[in-house]
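Trainee: A single structure is presented below for examination.
The values are calculated or read from the model by the stated rules, or taken from the named source; none is laboratory data. Since this is a predicted model, take the numbers as computed values, not measurements. Backbone-built Cβ (ideal geometry, glycine too); neighbour counts: all protein chains shown. Each accessible area value is taken on the protein alone, full model and side chains, heavy atoms only, with ligands, DNA and RNA left out. Shrake-Rupley method; radii C 1.70, N 1.55, O 1.52, S 1.80 Å.
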Amino acid sequence: MTKRFVAVLLVLGAWVGGTVAGSLGGTAAQASSPGVVIGTAHAGYTPSLTGSTPIVILAVGSGARPGEDVMHSLSDSIHLIYINPDKHAVAMIGIPRDSWVEIPGQGTNKINSALASGGPDLMVQTIETDFGVHIDYWALTTFWGFQAMINDIGGLKVDVPFRMLDNYSGADLQPGPQTLSGAQALSFARDRHSMLMGDFTRQEDGGRLFLAALAQFQQEYAKDPTALLTWLGAGMSNMAKSDGLTPDQLVQLAYTVTAQPVKKVQNIVLPGSVGSDNGLSTVHLDMAKVTKIISDANDDAIVAKQNVPPSPGRTQPVG
Amino acid sequence: MPDIGEAPGSLVRVLATEGKTPLKDATTSSPQRAKKTNDRSKVSRNRIIAGVVAGVVVLGVIFFLTRGGNSILPIGSNPPPGKVAFKLNGVHVIRAELHSNQAAQKATAHTVADQIKTQLDSLFDKAYVDPDSWSDTGKIEEFFTDAAKASLEGNATTLTNGPNASDTYKSVDPKKSTIKVEVLADAKGNAIRASAAISFTGLATHTDGTTSNINVTGTAIFVQDGGTWKIESYNLKRSETRPKTATTSPTSEGS
């Protein structure tokens, strides 16, 4: 009797205990039923420089041939690059290399001779004095450095505006979008014989390459942010730069341009007319217009529409 | 001899007592003693049975409390998940200067890669595996630069298991996860920046018993900050497969 009672009690106890516990467990499980996260979520963060005072970089292409002094040769392309981090504005201002200007301590000469006479420091001093610009940094590259840079990033996608055929620069390009090798990109940047406006258009083409590089960099960065290091490596290892420009600042600049809308980049060439001085083919800048352009850029890296000169590059190609 | 009349019903104690009593009682011989002994044996047996009943009830309760995916007690639930251990799938140097000490750059790159692996092991452990931190971006701040920290809270659902992770997940067990590291180094081999291409997988067990794979992929760029490598920028995607083997019908889908 006792045994039966105990056996019944045992089964009953186990059932009651288990049932109570089971119902508790069920309630808890139901209460915590998941708001299951299925699918994808995305997160990203890119630092950037701040400040509305434009950062001004002088970018110079040295015309040195192998074996020549890179820092003391005639410059082939000259650009002032204004960056306003707060306004996401960039103005690229090309200075025709044949511009007839006052070079401190050297008299009047073509602006490209400043590099040959006094290196990057004199080039900076010349532009600061003649145009009223404060240059924060300079960067200089060579023909072979430029080519290597383009090759290191796997070529540059450029929309060639018209047929370019020029024995001097080696340009032999069909019109249309295409990926240029380092050598092709260099010929594109140097060609001044395939267009009527010669040196003016050449400076604009230099800006066009900057724009193409910016667009490509942003595309690659968006796809894979490690592209930032690849591009930095390509740039840093193939150019000389001013002492004050640290690798860290270059990284910060690179981050900043990842957020720079390409459409908000102005590609301007200082206006002027072609002339001749001392038997040299020269460019006489229209200083009234140049002053307005530089003044606008100095303020916030944005040149007012009414001060932007017409593009020199869309004139009929020669030949 | 323990006084079984005062035994509190501990199963262990009852069984221990039972084993000793007959041996002692076997040495008595008088009828009175025999009766007393008989009475004691009955009392003893009843208490043993009561103890067994109590034990079975306790076992039944424990069984239901800890069964399957509905366990409400940690006792006997899944073993604790392992720690995240990324496999280093490659280390690459990016030169910042043309003429460089390549041996120094290579050595630096491997050292940096190991340091970054350690950082990512710890970060992903806190962000996705450790229930004490997997909802809280504050717990992973230490891995980011001051500037990047401000972005964490707004990205909580990607950078952690989300604010209510413990309502959703019981555990996340790290599976095969890899990184590839690139180091931008100057001519002397000093690292300027480093990047990691990340692929993390974790097997999530949900509170309803279902499982899913959590995948986190993307890249991060590191800078040396305060003696360690911290994330300066990142671009990460967190995806999760649909839960498998539902023991109960799912209560919600998507997010």
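Okay, residues lined up against (1) at the interface with another protein chain (Cβ under 8 Å from one of its Cβ atoms); (2) in a helix (DSSP H, G or I):
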site	(1), (2)
B:A103	no, yes
B:D125	no, yes
B:K139	no, yes
B:E142	no, yes
B:T157	yes, yes
B:G162	yes, no
B:K170	no, no
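Trainee: When the residues of the range A:208-221 are filtered to those that are open to solvent by 30 Å² or more (accessible area, probe 1.4 Å) and under 16 Å from B:N235 (Cα atoms), which remaining residue is nearest to the chain's Cα centre (by Cα)? Quick ask: steps written out before the conclusion?
Mentor: Initially, the range A:208-221 is screened for residues open to solvent by 30 Å² or more (accessible area, probe 1.4 Å), giving A:208, A:210-211, A:215, A:218-220.
Now drop any that are not under 16 Å from B:N235 (Cα atoms), which leaves A:218-220.
Numbers: A:Q218: 9, A:Q219: 12, A:E220: 13 Å.
Among those that are open to solvent by 30 Å² or more (accessible area, probe 1.4 Å) and under 16 Å from B:N235 (Cα atoms), it is A:Q218.
Trainee: What number of residues within the range A:62-74 are outside any loop (DSSP other than H, G, I, E, B) and surrounded by fewer than 23 Cβ atoms within 10 Å (Cβ to Cβ)?
Mentor: Going residue by residue through the range A:62-74, those that are outside any loop (DSSP other than H, G, I, E, B) are A:62, A:70-72.
From what's left, surrounded by fewer than 23 Cβ atoms within 10 Å (Cβ to Cβ): A:70-72.
Count: 3.
Trainee: I'd like to verify a number: residues in the range B:187-200 that are open to solvent by 20 Å² or more (accessible area, probe 1.4 Å) and away from chain A (no Cβ under 11 Å), how many?
Mentor: So the answer is 2.
Trainee: Does the range A:106-117 include one or more residues that are touching a His at 6+ places or on another chain (Cβ under 8 Å), small (G, A, S) and open to solvent by 20 Å² or more (accessible area, probe 1.4 Å)? Even if it seems obvious, please write down each step before you answer.
Mentor: Within the range A:106-117, the first condition is being touching a His at 6+ places or on another chain (Cβ under 8 Å), and the residues that meet it are A:115-117.
Among the residues that remain, those that are also small (G, A, S) are: A:116-117.
Add one more test, that the residue is open to solvent by 20 Å² or more (accessible area, probe 1.4 Å), and what stays is A:116-117.
Scanning the range A:106-117, I find at least one residue that is touching a His at 6+ places or on another chain (Cβ under 8 Å), small (G, A, S) and open to solvent by 20 Å² or more (accessible area, probe 1.4 Å), so the answer is yes.
Trainee: Determine whether the range A:232-244 contains at least one residue that is within 14 Å of chain B (Cβ to nearest Cβ) and hydroxyl-bearing (S, T, Y).
Mentor: Yes, that holds for at least one residue.
Trainee: Buried (at least 21 other Cβ atoms within 10 Å of the Cβ) and away from chain A (no Cβ under 13 Å): does that describe B:L88?
Mentor: Considered against the rule, which asks whether it is buried (at least 21 other Cβ atoms within 10 Å of the Cβ) and away from chain A (no Cβ under 13 Å), B:L88 comes out as no.
Trainee: Also, quick follow-up: Go through the range A:156-187 and report how many residues are in contact with a strand residue (DSSP E or B) (Cβ under 6 Å, 6 or more places away or on another chain) and in a helix (DSSP H, G or I).
Mentor: 2
Trainee: Specify the residue that is modelled with the highest pLDDT; the eligible residues are those in the range B:201-242 that are open to solvent by 40 Å² or more (accessible area, probe 1.4 Å) and facing chain A (nearest Cβ under 7 Å).
Mentor: Looking at the filtered set, the residue picked out is B:K237.
Trainee: Test A:T2 against the stated conditions and say whether it is exposed (fewer than 14 other Cβ atoms within 10 Å of the Cβ) and modelled with pLDDT of 80 or more. Before you say what the answer is, go through the steps one by one.
Mentor: Details: exposed (fewer than 14 other Cβ atoms within 10 Å of the Cβ): yes; modelled with pLDDT of 80 or more: no.
Answer is no for this residue.
Trainee: Scan the range A:222-238 for residues that are open to solvent by 20 Å² or more (accessible area, probe 1.4 Å) and under 12 Å from the mean Cα position of the chain (by Cα) and report the count.
Mentor: Total meeting the criteria: 1.
Trainee: Considering the range A:42-61 alone, what residues qualify as being open to solvent by less than 20 Å² (accessible area, probe 1.4 Å) and over 18 Å from the mean Cα position of the chain (by Cα)?
Mentor: Within the range A:42-61, A:A43 is the sole residue that qualifies.
Trainee: Anything in the range A:96-122 that is of a type in the set (A, V, I, L, M, F, W, C) and touching a Ser or Thr at 6+ places or on another chain (Cβ under 7 Å)? List them, or say none.
Mentor: A:W100, A:V101, A:I103, A:I111, A:A114, A:L115, A:A116
Trainee: What single numbered condition from (1) closer than 25 Å to A:L232 by Cβ; (2) touching a Leu at 6+ places or on another chain (Cβ under 9 Å); (3) of a type in the set (A, V, I, L, M, F, W, C); (4) within 13 Å of chain A (Cβ to nearest Cβ) fails to hold for B:A150?
Mentor: With respect to (1) closer than 25 Å to A:L232 by Cβ; (2) touching a Leu at 6+ places or on another chain (Cβ under 9 Å); (3) of a type in the set (A, V, I, L, M, F, W, C); (4) within 13 Å of chain A (Cβ to nearest Cβ), B:A150 is out only on (2).
Trainee: Looking at A:D205, is it acidic (D, E), under 15 Å from the mean Cα position of the chain (by Cα) and open to solvent by less than 40 Å² (accessible area, probe 1.4 Å)?
Mentor: Values: acidic (D, E): yes; under 15 Å from the mean Cα position of the chain (by Cα): yes; open to solvent by less than 40 Å² (accessible area, probe 1.4 Å): yes.
Here the answer is yes, as A:D205 does meet what is asked.
Trainee: Being open to solvent by less than 40 Å² (accessible area, probe 1.4 Å), assigned to a helix (DSSP H, G or I) and not charged (D, E, K, R) narrows it down to one of A:I127, A:I83, A:I93, A:I78, so name that one.
Mentor: Values: A:I83 fails: assigned to a helix (DSSP H, G or I); A:I93 fails: assigned to a helix (DSSP H, G or I); A:I78 fails: assigned to a helix (DSSP H, G or I).
Matching residue, one of A:I127, A:I83, A:I93, A:I78: A:I127.
Trainee: When you look at B:V181, is it modelled with pLDDT of 95 or more, in a strand (DSSP E or B) and over 18 Å from the mean Cα position of the chain (by Cα), yes or no? Break it down stepwise before answering.
Mentor: Values: modelled with pLDDT of 95 or more: yes; in a strand (DSSP E or B): yes; over 18 Å from the mean Cα position of the chain (by Cα): yes.
When the stated conditions are applied, B:V181 passes them.
Trainee: How about the range B:177-186: which of its residues are open to solvent by 10 Å² or more (accessible area, probe 1.4 Å) and within 9 Å of chain A (Cβ to nearest Cβ)?
Mentor: As a first pass, look at the range B:177-186 and keep what is open to solvent by 10 Å² or more (accessible area, probe 1.4 Å): B:178, B:180, B:182, B:186.
Once the filter is applied, which keeps residues that are open to solvent by 10 Å² or more (accessible area, probe 1.4 Å) and within 9 Å of chain A (Cβ to nearest Cβ), the range B:177-186 yields B:K180, B:E182, B:D186.
Trainee: In the range A:260-280, is there at least one residue being acidic (D, E) and modelled with pLDDT of 95 or more?
Mentor: Initial filter on the range A:260-280 (acidic (D, E)): A:277.
Next, only the ones that are modelled with pLDDT of 95 or more stay: none.
There is no residue in the range A:260-280 that is acidic (D, E) and modelled with pLDDT of 95 or more.
Trainee: Which is open to solvent by 70 Å² or more (accessible area, probe 1.4 Å), assigned to a strand (DSSP E or B) and of a type in the set (V, I, T), of A:V283, A:V274? Steps first, please.
Mentor: Working: A:V283 fails: open to solvent by 70 Å² or more (accessible area, probe 1.4 Å).
A:V274 is the lone residue from the list that is open to solvent by 70 Å² or more (accessible area, probe 1.4 Å), assigned to a strand (DSSP E or B) and of a type in the set (V, I, T).
Trainee: In addition: Restricting attention to the range A:239-256, does a residue exist that is open to solvent by 50 Å² or more (accessible area, probe 1.4 Å) and under 20 Å from A:I95 (Cβ atoms)?
Mentor: yes
Trainee: Go through the residues of the range B:219-234 one by one and say whether even a single one is β-branched (V, I, T) and more than 30 Å from B:A104 (Cβ to Cβ). Give the derivation first.
Mentor: So in the range B:219-234, the residues β-branched (V, I, T) come out as B:219, B:221, B:223, B:228, B:231.
Retained after the next criterion (residues that are more than 30 Å from B:A104 (Cβ to Cβ)): none.
No: the range B:219-234 contains no residue that is β-branched (V, I, T) and more than 30 Å from B:A104 (Cβ to Cβ).
Trainee: Hey, A:A116 hits all of (1) over 18 Å from A:M71 (Cα atoms); (2) assigned to a helix (DSSP H, G or I) but one; which does it fall short on?
Mentor: (1)
Trainee: Given the criterion within 14 Å of chain B (Cβ to nearest Cβ), under 17 Å from A:G235 (Cα atoms), touching a residue at least 40 places away in the same chain (Cβ under 8 Å) and not charged (D, E, K, R), identify the matching residue among A:V60, A:V70.
Mentor: Details: A:V60 fails: within 14 Å of chain B (Cβ to nearest Cβ).
Of A:V60, A:V70, the one residue that is within 14 Å of chain B (Cβ to nearest Cβ), under 17 Å from A:G235 (Cα atoms), touching a residue at least 40 places away in the same chain (Cβ under 8 Å) and not charged (D, E, K, R) is A:V70.
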